[in-house]
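The values are calculated or read from the model by the stated rules, or taken from the named source; none is laboratory data. Small disclaimer: the values here were computed from a predicted structure and weren't measured. We place every Cβ from the backbone using ideal geometry, glycine too, and count neighbours over all the protein chains shown.
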Amino acid sequence: MAQNLKVSQPYANAFIQMISGKDSLDKVISDLAYIEAALKSPDLVQAFSNPLLSVDSKKGMVKAVFKGKIEPKTVNFLLVLCDRGRINCLEGVTSLALEMAYKQASVTVAHVVSSSEMSEGQQEALVAKLKAMTNVKQVKLEIKVDKTLIGGFTVQIGSRVIDTSIQGQLKKLASHLGASSPL
């Protein structure tokens with residue numbers, strides 16, 4: 001995404017300005033989250049990046065995948081990205097726009113890497129703890145599972161990192177003992 005940042009940033013700004021004040025931020029966030037989920041399909045990402053597919057083909061894909069599922073204004077914005085040859089940057093645009101929308105809605109995103117799936121109760125407890133620790137009103141968890149952590153989880157919220165993983169504890173222990181960590 002870093003290579004597309006210069007291209008993605010102006011489009012993400014334009015999208016946020018276009019919807020500002022017109023729609024509730026909840027709808028905007030919902031649309032962007034839907035797009036982000038759809039982009040987990042490597043086939044869709046590859047098709048949008050394929051220079052051999054015509055603009056009309058890509059517009060047809062946008063309509064097939066998103067029409068009726070997200071707001072018409074958002075679909076139109078995606079069609080503009082197709083017209084301008086920038087639909088290949090959709091991942092970056094979506095990610096940046098979602099970040100901006102969360103900021104406007106005063107939602108803090110916590111990136112969690114867990115050794116296993118977290119139950120709803122565990123997620124709620126973690127959100128409550130993070131709210132208390134950071135004095136923010138809303139926290140959204142972005143959770144990924146990484147079995148190499150052995151147990152526990154890590155949380156990054158802003159520049160702050162909390163590491164409760166067994167792997168992290170083993171690394172700390174190894175550094176205290178003066179050994180280089182094999183992990």
Check: Does residue 101 meet the test of being over 23 Å from residue 137 (Cα atoms) and either surrounded by 14 or more Cβ atoms within 10 Å (Cβ to Cβ) or free of Cβ contacts under 8 Å to residues at least 12 places away in the same chain (or both)?
Finding: no
Margin query: Quick test of your reading of the structure: residue 115 fulfils all but one of (1) within 28 Å of residue 12 (Cβ to Cβ); (2) surrounded by 14 or more Cβ atoms within 10 Å (Cβ to Cβ). Name the failing condition by number.
Written below: (1)
Check: Can you tell me which residues in region 128-144 are over 18 Å from residue 161 (Cβ atoms) and in a strand (DSSP E or B)?
Finding: 138
Note to self: So residue 48 ticks every box in (1) surrounded by fewer than 15 Cβ atoms within 10 Å (Cβ to Cβ); (2) hydrophobic (A, V, I, L, M, F, W, C); (3) in a helix (DSSP H, G or I) but one. Which box is left unticked?
What the structure shows: (1)
Notebook entry, point to check: Picking from 116, 175, which residue would you name as being hydroxyl-bearing (Ser, Thr, Tyr) and in contact with a strand residue (DSSP E or B) (Cβ under 7 Å, 6 or more places away or on another chain)?
Noted result: 116
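Yes or no, residue by residue, for (1) over 30 Å from residue 151 (Cβ atoms); (2) outside the structural domain of residue 165 (by TED's automatic domain parsing); (3) hydrophobic (A, V, I, L, M, F, W, C):
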| residue | (1), (2), (3) |
| --- | --- |
| 60 | yes, yes, no |
| 64 | yes, yes, yes |
| 70 | yes, yes, yes |
| 78 | yes, yes, yes |
| 83 | yes, yes, no |
| 91 | yes, yes, no |
| 95 | no, yes, no |
| 129 | no, no, no |
Notebook entry, point to check: among the small types (Gly, Ala, Ser) and either in a loop (DSSP other than H, G, I, E, B) or not assigned by TED's automatic domain parsing to the domain that holds residue 10 (or both), is that true of residue 125?
Noted result: yes
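The rows are residues; the columns are (1) closer than 29 Å to residue 74 by Cβ; (2) surrounded by fewer than 18 Cβ atoms within 10 Å (Cβ to Cβ); (3) out of contact with any Phe, Trp or Tyr (no Cβ under 9 Å at 6 or more places or on another chain).
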residue	(1), (2), (3)
105	yes, yes, yes
124	no, yes, yes
145	no, yes, yes
149	no, no, yes
170	no, yes, yes
175	no, yes, yes
